[in-house]
1. Give me Leu186, Leu202 sorted ascending by neighbouring Cβ count inside 10 Å, so fewest comes first.
2. Please order Ile223, Ile356 by the number of other Cβ within 10 Å, starting at the fewest.
3. Sort Leu329, Leu309 so that the residue with the fewest other Cβ atoms within 10 Å of its own Cβ comes first and the one with the most comes last.
4. Expected output is a single nm value to one decimal: the length gained when fully extending between Ala32 and Tyr313, i.e. 0.36 nm times separation in residues minus the C-alpha distance. What is it?
Amino acid sequence: MIDPGKVTYKGEKGDVICRPSHWSDVAMFFLANYALHAFTVLTDPGSGAFITMCDCVRAILLPYTGSVKALIYISEFAIGGKTTLERAKRARALCMVVPTSVEFGSLGPFSPDYFNIHGQHPIPVLRFSNPFSKGYWSSRGRHSIIGRHTRRDDLIVATVPPSFSVQPILDESQYDYEIASNYSILKTFAAIVQIVYGCYELYEARGMQVDSFGYAAYSLTVIPYVFMSFLNLVASMCRPSYPSRYLVYYRGPYEGCQTSWHEKEALQNLESEVAGAVGYAYGLSCEGGYPDITSTDSVPINVLIFVLLLAPYILIYVLTGYNQGHSTLTQRTWLMCSLVLGQLFTVVAQHMIYPIQRWFFVRLHCSLDDNLVYAGISVVLSAPTVGAFVQVAYMIFQDDVCRKI
């Protein structure tokens, strides 16, 4: 091996030239292997800039949260819907304005300040709102007017659950219509680039880097991000992207179920305040209600999540045999803690979202979006990831940048 230092060296073909690492090498590694995920992260329909930023932060700090979310999107298989409304419902692109008396579950109310919603509707009074929205600094009284919307404290805007039945307003046999959707070419391209580059980093780590740092080799930290990019790529092909969330009229239980006169009148009056709806939504049964159903409750998804959590340890064993190399205890501790605790915190965060949303809704009458809660939990639980990032930077400085000529 030849170390030219600051001297220009003209060697023969096949020689390996090494130089000390610089800050630019650290920045390039972080940008290419971590920050690029900002372009591959999948967002919910109609997400605004603030929610998109929260999704990116969450995916970078806890990459397995992005993998789990992609698995849920894949399991929903939105493109498998027979009608445009069914596809939009599977993709969670349909929403409805319902009275606060209606029970909601895990796919419950959300703040319309964070999303683009197609149509005009009354907005619930919220004590926690989006500071970047146009109406944040306006009057926020019980019936205050913000733009073309009226704020109400007796209504919520909620996502239509997968179990609900949806029907179009127009007869599909006579009218051919589609809800606007698209597929992001940029995210697909970014995911492919991330996968290829991440695999290249793992391939390059097999030699001197593994000999030097063993299973603490810094290139191995890209494994969770490669998995996430791959799952995001598959999910993007199974689920169209929607620029907005589309309103539907909430009709309570299934059509034909008996409902009280007061309930029918309340729902009819509510429909008169909503404009631009694309269909009707009916509940799970004649008892009505808003079921607590999440995609992560299914057995196949839990099995896939288990395989996803186990795969990095198998891959690390194949590449390193869990040889320590010349790595320090601090380096091994931080990098393995970021992997193990990152996975554990992902499971914990997944089960903390709904209780936190429920507490804010009941106690403070706030409709916090699950992406916002997820991002907040990720920041709180990101200490192992941040510590691993610091150790990665130190190891890059300890290592040389080598190139074969």
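1. Working: Leu186 9, Leu202 18.
With the sparsest Cβ surroundings first, the list reads Leu186, Leu202.
2. Details: Ile223 20, Ile356 17.
Fewest-to-most ranking of Ile223, Ile356: Ile356, Ile223.
3. Leu329, Leu309
4. On the way: separation 281, 0.36 × 281 = 101.16 nm, distance 2.27 nm.
Between Ala32 and Tyr313, full extension yields an extra 98.9 nm.
No value in this document is a laboratory result; all are computed from the given coordinates. Computed from a predicted structure; not experimentally measured. Counting neighbours? That spans all protein chains shown, and the Cβs are built from the backbone with ideal geometry, glycine included.
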